[in-house]
Amino acid sequence: MIQRIQSVWLALAAVCGFAMAKVPLFAATLPDGTVRHFLATESLLSFALAVGIAVLATVTIFLFKNRKTQLQLVWIGILLSAVVIGLQVYSVEGFKTSTNMTQGTYQWGGLLPIAMLIFLILAARGIRKDEKLIKSLDRLR
């Protein structure tokens with residue numbers, strides 16, 4: 001059902017994945033005083049994975065009748081989200097070395113993959129609780 005808590009967590013994970021397309025991850029101040037932003041779209045692999053995870057989370061919401069498949073897809077999303085975090089750090093470090101910057105700061109968009117990972121973990125927890133509830137009700141019959 002759509003009103004279960006894991007549907008909310010999956011929807012929030014999808015929003016985080018889609019928001020990575022527009023939100024800057026890192027801002028570098030150049031020696032001439034201009035600010036250059038690093039977006040997730042500059043790293044094709046991390047951008048594609050983030051959007052893929054968002055699509056996966058959106059599809060997973062509607063698999064509420066098949067909890068085992070839903071849980072497997074959420075675990076795949078969790079692993080891919082960890083890969084996105086690693087790729088993001090690698091890409092930003094490459095951006096730092098390629099840019100002659102005086103100061104650099106991570107933006108709040110850099111937290112989106114971490115939030116996506118947390119939301120997917122919370123969704124997996126909710127799916128497992130539902131599975132335990134169903135199994136316990138079957139034992140009582």
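The values are calculated or read from the model by the stated rules, or taken from the named source; none is laboratory data. Quick caveat, the model's predicted, so the values are computed rather than measured. Note that each Cβ is placed from the backbone with ideal geometry, even for glycine, and that neighbours are counted across all protein chains shown. Remember, those area values only see protein heavy atoms, side chains included, never the ligands or the DNA or RNA. Shrake-Rupley method; radii C 1.70, N 1.55, O 1.52, S 1.80 Å.
A few comments on the model shown:
- Restricting the chymotrypsin sites (Phe, Trp or Tyr not before Pro) of the stretch 39-141 to loop positions (DSSP other than H, G, I, E, B) with no more than 12 neighbouring Cβ atoms within 10 Å leaves Phe62.
- Ligands, DNA and RNA are left out, and with a 1.4 angstrom probe the accessible area of the chain is 58 Å² per residue.
- Relative contact order %, the chain, counting alpha carbon pairs below 8 Å whose residues are six or more apart: 38
- Cα-based helix-to-principal-axis angle, 112-140 vs the chain, degrees rounded to 10: 10
- Residue-level accessible surface for Lys132, protein heavy atoms, 1.4 Å, Å²: 150
- Cα gyration tensor category, rounded, prolate or oblate, for the stretch 62-141 with a/c compared to 1.5: prolate
- Amide H contacts of Leu25: Phe38, Leu39, Ala40, each under 5 Å away and 5 or more positions distant or on a separate chain (H built 1.01 Å from N in the peptide plane; Pro and chain starts excluded).
- Rg to Rh quotient for the stretch 51-92, alpha carbon positions, Kirkwood Rh: 1.10
- Full extension of the chain between Gln103 and Leu30 yields a length gain of 25.6 nm, computed as 0.36 nm times the residue separation minus the alpha carbon distance.
- C-alpha long axis of helix 5-19 to longest principal axis of the chain, angle in °: 20
- Cα-derived Rg to Rh of the stretch 1-63, Kirkwood definition: 1.19
- For the pair Val59 and Val23 in one chain, pulling the backbone fully straight at 0.36 nm per residue adds 10.6 nm over the alpha carbon distance.
- From most to least packed by mean Cβ count within 10 Å, the peptides 34-40, 122-128 give 122-128, 34-40.
- Straight-distance candidates among the lysines for linking to Lys65, with alpha-carbon spacing under 26 Å and chain neighbours fewer than 8 residues away dropped: Lys129, Lys132, Lys135.
- Treating each Cα of the chain as one equal point scatterer and applying the Debye formula with no solvent, the log10 of I(q)/I(0) at q = 0.09, 0.10 Å⁻¹ comes out as -0.34, -0.40.
- In degrees, nearest ten, helix 67-98 long axis to first principal axis of the chain (Cα): 10
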